[in-house]
Protein chains: 2
Amino acid sequence: MSSAQACESLGEPLSRVMTLLGKRWTGVVLATLMPGSVYFSELRRGVPGISDRVLNERLTELIGENLVSRTVIEGPPLRVRYELTEHGYALRPALDQLTAWAQEHLAP
Amino acid sequence: MSSAQACESLGEPLSRVMTLLGKRWTGVVLATLMPGSVYFSELRRGVPGISDRVLNERLTELIGENLVSRTVIEGPPLRVRYELTEHGYALRPALDQLTAWAQEHLAP
DNA sequence: CAAGCGACTTACAAAAAGTAAGTTGCAAAC
DNA sequence: GTTTGCAACTTACTTTTTGTAAGTCGCTTG
């Protein structure tokens, strides 16, 4: 396989992931959803520094990509659960690799 | 291990990686450097859509994190090679996982 | 000797993210 | 029984990042 082909085959799907993960907070939001479903307010607490506005924006995008599902629990009080879909959960090995890499190769 | 602890242990190094990869183009630039060292102009061609300005910015950041090295080749003509360091190259398994995930779980 | 390449740099516009306050529906506190 | 407060957003506005285009400098090629 030539270098150009390697670049192509690596590049195309990779650039699609990076369109998602290349936005601020997306990766951390997904990681925070890994342990299981959470309410909006729990998510916000789990992702220190993110604002309501952006958290909502990221969730909307992830729902649009079928990586996260949204379930309204009619109240009162009304609550909303967010949960990874199968596709979203499948990102776990990749995020684990990134975490391992950071621990070994990224300065604190 | 409690869910809160899991969140912590996954979260801290992950959020450091995402500070890097969460910026536009960073992931694709790193992936493009994987096959070997390249000149600035080759890199630009290898990352369609990126501008000189941002490519330069990303490279400067990556050099600052010791993930990429820069070598000036005195001309004329003067050229500059960019190459992954050991730390940068170590990201390969993670990027491969992301690529594999995109192929299986991300809509084109 | 005009035009172009390589590697940037600069100046300016558009898009994304940050910040803060507002909204709606209810419920416990005073 | 009115104020306070939470949950889940939404809106308006500021700041930061990106995008776009042109400019620079040394040299080379037609």
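With a sphere of radius 11 Å drawn around the Cβ of B:Gly36, what net charge do the other residues whose Cβ falls strictly inside it have (Lys, Arg +1; Asp, Glu -1)? Mind showing how you got there, number by number?
Numbers: positive: B:Arg81; negative: B:Glu42, B:Glu83.
Around B:Gly36, the surrounding residues sum to -1.
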With all protein chains in place and a 1.4 Å probe, B:Met18 shows an accessible area in Å² (nearest 10) of 20
Magnitude of the Cβ-charge dipole (Lys and Arg +1, Asp and Glu -1) of the protein assembly as shown about the Cα centre, nearest 20 debye, reported as 500
Of all trypsin sites (Lys or Arg not before Pro) in region A:25-80, the ones in DSSP coil with at most 11 other Cβ atoms within 10 Å are none
Most fluctuating of A:Pro76, A:Pro48, A:Pro13 in the GNM of chain A (C-alpha, under 10 Å) is A:Pro76
Heavy-atom accessible area of A:Leu78, protein chains in place, probe 1.4 angstrom, given in Å² to nearest 10, is 110
Checking A:Val80, A:Val38, A:Val68 against a Gaussian network model of chain A (alpha-carbon springs below 10 Å), the top fluctuating residue turns out to be A:Val80
Once normalised by the length of chain A, the mean sequence separation of its alpha carbon contacts under 8 Å that are 6 or more apart gives a contact order in percent of 23
Connecting every pair of Cα atoms under 10 Å apart in chain B and solving the GNM, the largest mean-square fluctuation among B:Gly88, B:Gly49, B:Gly75 falls on B:Gly75
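Kindly sort B:Tyr39, B:Tyr89, B:Tyr82 by accessible area of their heavy atoms, largest first, with the probe set to 1.4 Å. Mind dumping the intermediate values first?
Details: B:Tyr39 45, B:Tyr89 105, B:Tyr82 10 Å².
Of B:Tyr39, B:Tyr89, B:Tyr82, the descending order of accessible area is B:Tyr89, B:Tyr39, B:Tyr82.
Heavy-atom accessible area per residue, region B:24-105, 1.4 Å probe: how many Å²? Before the final figure, lay out the partial values.
Details: 4240 Å² over 82 residues.
On a per-residue basis, 52 Å².
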Long-range amide H partners of A:Arg24, meaning residues 5 or more apart or on another chain whose placed amide H is closer than 5 Å, are none
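The values are calculated or read from the model by the stated rules, or taken from the named source; none is laboratory data. Since the model is a prediction, treat every value here as computed from it, not as a measurement. In this analysis, Cβ positions are derived from the backbone assuming ideal geometry, glycine residues included, and neighbour counts consider all displayed protein chains. Keep in mind that these areas ignore ligands, DNA and RNA; they rest on the heavy atoms of the full protein, side chains included. Shrake-Rupley method; radii C 1.70, N 1.55, O 1.52, S 1.80 Å.
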